[in-house]
Amino acid sequence: MQTDSAITIHRSDYRPYPFRIETVQLAFDLDPAGTRVRNTLRLQRVPGTPANTLLVLDGEDIELLGLSLDGQPVEAARYRLDARTLSVAGLPESCTLTIDSLCRPDANTKLMGLYVSGESLFTQCEAEGFRRITWFPDRPDVMSRYQVTLRADKNAYPVMLSNGNLISSTELPDSRHETVWEDPFPKPSYLFALVAGRFACRQKTTHTASGREVLLQVYSDPGSEAQTEWALDSLERALRWDEQRFGLELDLDRFMVVATRDFNMGAMENKGLNIFNAAYVLAHPDSATDANYEAIESVIGHEYFHNWTGNRVTCRDWFQLSLKEGLTVFRDQEFTADMMAEALQRREEDAAAGSSAALAQLRAAQASARAVKRIDDVIALRAAQFPEDAGPMAHPIRPESYQEIGNFYTATVYEKGAEVIRMQHRLLGEAGFRQGMDDYFARFDGQAVTCDDFVDTMEAVYTRQHPGQDFSIFRRWYAQAGTPRVKVTLAHDSATQRCTITLQQRCDKVGVETQRGADYVKHPFHIPFALGLLAPDGTPLPLSLNGEQSDTVLLELREEQAQWHFDSIAQRPVPSLLRDFSAPVIVEYDWTDEELALLSEHDPDAFARWEAGQELAAREILRHARDMDLDEPVTLSASLVRAWATLLHTPALDPAYRARALALPLEKTLLERMRPMHPGRLAAARLAVRAELGRQLGSLWLQTYHENMTPGAYSPDPLSTGRRSLKNLALSYLCAPRKQDGLSLAQQQFQKAGNMTDSLAALACLVNDADTIVAQNALGDFYTRWHHDPLVVDKWFAVQAASCNSTVALVRKLTQHPAFTLLTPNRVRALVFQFCMNNALNFHTEEGAGYAFWAEQMLLLDPVNPEIAARLARVFDRWSLHAPELREKMLAALELIAAEPSLSRNTSEIIQKSLNLGALEAK
Ligand code: B3K
Ligand code: ZN
């Protein structure tokens, strides 16, 4: 493994940049084989900085063609060039530096900097891609005003876009043309963008709250214009929502979204010119699923919201990444929840005119809409972030150190970061939080700031609300890693009718914390813990806390342990814990199965109600994974079957909610509770439980399937998507026992489906549970119909890669398919990631063929696209906790990669951390 690049950067290393760069002028002569860039910087030494201070600019994989200072070439003795920096000495206090350079977009497979996708040119600069375009202080606290001139062949690149406003558009000789763009807002280099190529554009004009006319545009491949309506509508909804919920208006005259097929992440919030992975822009009912529609709205919202939380107020350094990401994820989560509620509100009129059953359904959906969104977010957090927070990459939401910042766009920074914001929202209340946000913008607009700056503004509001209290303990969420565990003890005294709740927290050292020595002590967190109590018959009990009465109380745990008393409680109650998932913690409480069944039927908190049923299922699956002879049929506990039957029998519950309640917990979440870990066994146990629930409750599933049809034209509204999700869940249970009646239903649905959600759900059932020939025919038909649409071809790869019938041989063969390429991250994710990360049953086999396949793909992928390779490397984060027969083969695969001499900095950091921590844990 290369060691020279293993430099660790620490948060405490931060030093302000010694120069200001007021303006940047960039002129591009665009050509995929060699693009020339002229970069003209207006520089000013920061007052008080020594006159001999070197100017150090970042640059990578670019060729220097010329360097001049105030119009004169800089002599060689005055500058130094190495593989990562250009340093210039002896600069006057203020000057103009001009740098000419060359980059090769068509050789750029990393998709960072300027690159080619299809026939077009795109950029991606966050976090450190701008330095692959030109030399610059490529750090977020250097903010400048940009003017950008783009020149290219007019036939090949009829559209040329950059940030801000279009200043001019000029024809040039030799069928070339030029556009000039100016961004009126100072920005860091990571928000720079350009796009050039041939595009279709869907657009509309609208007015901001203050009455300014703005142009909204969505650009995509020619021919895909029928698929951008939802994205453009979503953009307008996002604009409206930010005005209404946060009082934040669009600050530019135009806002552009451009879709590309080749993109490392979901999308990028470049000022006024968002660049998107096509998967989060393009949608048509025939080819996109309900999940795609929801994701598009959410990602469009996320990037749009960054315009304030990220762009207007940005990060001082990359350790502060969660300042913008956690906050913006919180905002996009709220946006989705509000959009669901609003869409249901709009249905009121239709429903009022219809039957009382329709109205009842609508009421049920309205009652649980926010809980459904909350459940989905918590499922994702537990599957991705909890394991991360217990493994070698564990880090606080504000990391202390990194080798490669690209590795820190993590579930922790994003999703746990959003939870930390949500806790502040819960502690302050909606009005208090809004006040805090208003103060944040009033104080920091136009600046590059820290997480502490954000918490300061929230703390000021909290202290006004709760005199004498502050966020000094709360701030530990930013500094300490790991998922705290909260152990709950309930004592009841029937003589005094008093119930006492004790909360006790602990959080082990994780990740880099384990290497900080014995004198590094972790301190208790400030945990807002929402609690309710149910009488043994399921009735919610009124509780009083701080003089207020309510069914739910918010306990604020700040010490290692604290106690609360509740009086007038006649019988020992059943506790409903961590309602609405009020903090990102793990609850420890020994409910009996009967108590869980009671909560699953009666808990008025929709989240805790869902949680109770999930815990019943989790216990069942874990028990089988541990004890079961995998060849024998499973026997299910009566409580689980009864709970599932009750949920199926309760049509008054919203279908979307029931779909979540009746689904089984994810393997990734359950695996954290299994020692030693044996993902394959766990997957087999989960499948067996699903099949048995399918068999025992067959007629109820069938009835549910038929009751939740969605006739008529496709609509991605929450009522229809909820019904489809329940119907398709029922179908998967019906197919799980591999009986003909279920499979015939799947075949029928596959043949007649009027939308991709139903088509893909049926295909998945056939691929997983039908005979090979039936499955192959369905896959063949699907490919024939959709081979021209890359996003659907991704689905075709993914459904095979994730199938319980898949094998290493099959997946390896699919890597030879003409449609497979390592150059397109979506394709790699659809096949290689799906298999290695989402197919525990066939990836984690004892003979180790899956691990050999992983190593083979790592070695191919790392030189092509290190950012994506490093994500794949994380498959073995938890290697040392696995059963010995798996662990040894995982270690061998990791060591094989570690031995590669020219490994990227990205992958090297992941592998090294994994090996280091694993070695400690294995001791
Ligand atoms: N801010 C981008 C992150 C891109 C980083 C890629 N290395 C996406 C987002 O969170 O909106
Ligand atoms: Zn973001």
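The values are calculated or read from the model by the stated rules, or taken from the named source; none is laboratory data. Not measured: the values here are computed from a predicted model. Note: ideal-geometry Cβ built from the backbone for every residue, glycine included; neighbour counts use all protein chains shown.
What to note about this one:
- Filtered residue count, region 594-634, keeping only those that are touching a residue at least 40 places away in the same chain (Cβ under 8 Å), under 18 Å from residue 736 (Cβ atoms) and outside any helix (DSSP H, G or I): 4
- Residue 193 surrounded by 18 or more Cβ atoms within 10 Å (Cβ to Cβ) and touching a residue at least 24 places away in the same chain (Cβ under 8 Å): yes
- Among the residues of region 265-301, those identified as assigned to a loop (DSSP other than H, G, I, E, B) and within 15 Å of ligand 2 (Cβ to nearest atom) are 265, 266, 269, 270, 271.
- Residue match in region 237-252 (condition: within 16 Å of ligand 1 (Cβ to nearest atom), surrounded by fewer than 24 Cβ atoms within 10 Å (Cβ to Cβ) and under 26 Å from residue 162 (Cβ atoms)): yes
- In region 305-328, the residue that is farthest from ligand 2 (Cβ to nearest atom) out of those that are among the charged types (D, E, K, R) and part of a helix (DSSP H, G or I) is 324.
- Here the condition is being outside any loop (DSSP other than H, G, I, E, B), more than 16 Å from ligand 1 (Cβ to nearest atom), at pLDDT 95 or above and among the charged types (D, E, K, R); of 347, 331, 363, 382, it holds for 382 alone.
Rundown of residues vs (1) modelled with pLDDT under 95; (2) surrounded by fewer than 18 Cβ atoms within 10 Å (Cβ to Cβ); (3) basic (Lys, Arg), yes/no style:
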| site | (1), (2), (3) |
| --- | --- |
| 504 | no, yes, no |
| 514 | yes, yes, no |
| 517 | yes, yes, no |
| 527 | no, no, no |
| 530 | no, no, no |
| 533 | no, no, no |
| 537 | no, yes, no |
| 540 | no, no, no |
| 544 | no, yes, no |
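Per-residue answers, yes or no, for (1) closer than 18 Å to residue 146 by Cβ; (2) buried (at least 20 other Cβ atoms within 10 Å of the Cβ); (3) within 14 Å of the chain's Cα centre (by Cα):
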| residue | (1), (2), (3) |
| --- | --- |
| 254 | yes, no, no |
| 257 | no, yes, no |
| 261 | no, yes, no |
| 266 | no, no, yes |
| 270 | yes, yes, no |
| 278 | no, yes, no |
| 288 | no, yes, no |
| 293 | no, yes, no |
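- Exactly one residue out of 151, 131, 145 is assigned to a helix (DSSP H, G or I) and not small (Gly, Ala, Ser): that is 131.
- Screening the candidates 182, 178, 171 for the property of being at pLDDT 95 or above and either in contact with a Gly (Cβ under 7 Å, 6 or more places away or on another chain) or assigned to a loop (DSSP other than H, G, I, E, B) (or both) yields one hit, 182.
- Residue selected from region 609-639 under the condition within 23 Å of residue 540 (Cα to Cα) and aliphatic (A, V, I, L, M), by the criterion surrounded by the fewest Cβ atoms within 10 Å (Cβ to Cβ): 616
- Only one of the numbered conditions (1) assigned to a helix (DSSP H, G or I); (2) over 17 Å from the mean Cα position of the chain (by Cα) is violated by residue 399, and that is (1).
- Test result for residue 454, surrounded by 17 or more Cβ atoms within 10 Å (Cβ to Cβ), in contact with an Asp or Glu (Cβ under 7 Å, 6 or more places away or on another chain) and not polar (S, T, N, Q): no
- All of 738, 695 fail the test of being assigned to a helix (DSSP H, G or I) and basic (Lys, Arg), apart from 695.
- Test: residue 890 is free of Cβ contacts under 8 Å to residues at least 40 places away in the same chain, among the aliphatic types (A, V, I, L, M) and assigned to a helix (DSSP H, G or I): yes
- Against the criterion of being under 22 Å from residue 479 (Cβ atoms), out of contact with any Phe, Trp or Tyr (no Cβ under 9 Å at 6 or more places or on another chain), surrounded by 20 or more Cβ atoms within 10 Å (Cβ to Cβ) and in the same structural domain as residue 326 (by TED's automatic domain parsing), residue 399 does not qualify.
- Filter result for residue 687 (touching a residue at least 12 places away in the same chain (Cβ under 8 Å) and farther than 26 Å from residue 803 by Cα): no
- Where residue 77 falls short, out of the listed (1) among the small types (Gly, Ala, Ser); (2) in contact with a strand residue (DSSP E or B) (Cβ under 8 Å, 6 or more places away or on another chain); (3) over 19 Å from residue 144 (Cβ atoms): (2)
- Residue check for residue 413: within 14 Å of ligand 1 (Cβ to nearest atom), part of a helix (DSSP H, G or I) and more than 17 Å from residue 869 (Cβ to Cβ): yes
- Qualifying residue in region 129-150 (condition: in contact with a Pro (Cβ under 9 Å, 6 or more places away or on another chain), over 20 Å from residue 267 (Cα atoms), surrounded by 18 or more Cβ atoms within 10 Å (Cβ to Cβ) and among the hydrophobic types (A, V, I, L, M, F, W, C)): yes
- Close Cβ contacts (under 7 Å, 6 or more residues apart or on different chains) running from residues in region 740-762 that are at pLDDT 95 or above to residues that are among the basic types (Lys, Arg) comprise 757/724; 758/724; 760/795.
- Test: residue in region 63-82 that is at pLDDT 95 or above, assigned to a strand (DSSP E or B) and β-branched (Val, Ile, Thr): no
- Residue within region 243-264 that is within 16 Å of ligand 2 (Cβ to nearest atom), among the aliphatic types (A, V, I, L, M), part of a helix (DSSP H, G or I) and closer than 29 Å to residue 24 by Cβ present: no
- The residue of region 293-327 that is nearest to ligand 1 (Cβ to nearest atom), among those that are farther than 22 Å from residue 143 by Cα and among the charged types (D, E, K, R), is 297.
- Exclusive hit being crowded, with 23+ Cβ neighbours inside 10 Å, within 22 Å of residue 263 (Cα to Cα) and of a type outside the set (A, V, I, L, M), set 217, 124: 124
- Restricting 55, 81, 64, 102 to residues that are hydrophobic (A, V, I, L, M, F, W, C) and surrounded by 20 or more Cβ atoms within 10 Å (Cβ to Cβ) narrows the list to 55.
- Any hit, region 573-582, residues being among the aromatic types (Phe, Trp, Tyr) and surrounded by 16 or more Cβ atoms within 10 Å (Cβ to Cβ): yes
- Qualifying residues in region 670-724 (those that are touching a Phe, Trp or Tyr at 6+ places or on another chain (Cβ under 7 Å) and within 30 Å of residue 411 (Cβ to Cβ)) - the one surrounded by the most Cβ atoms within 10 Å (Cβ to Cβ): 693
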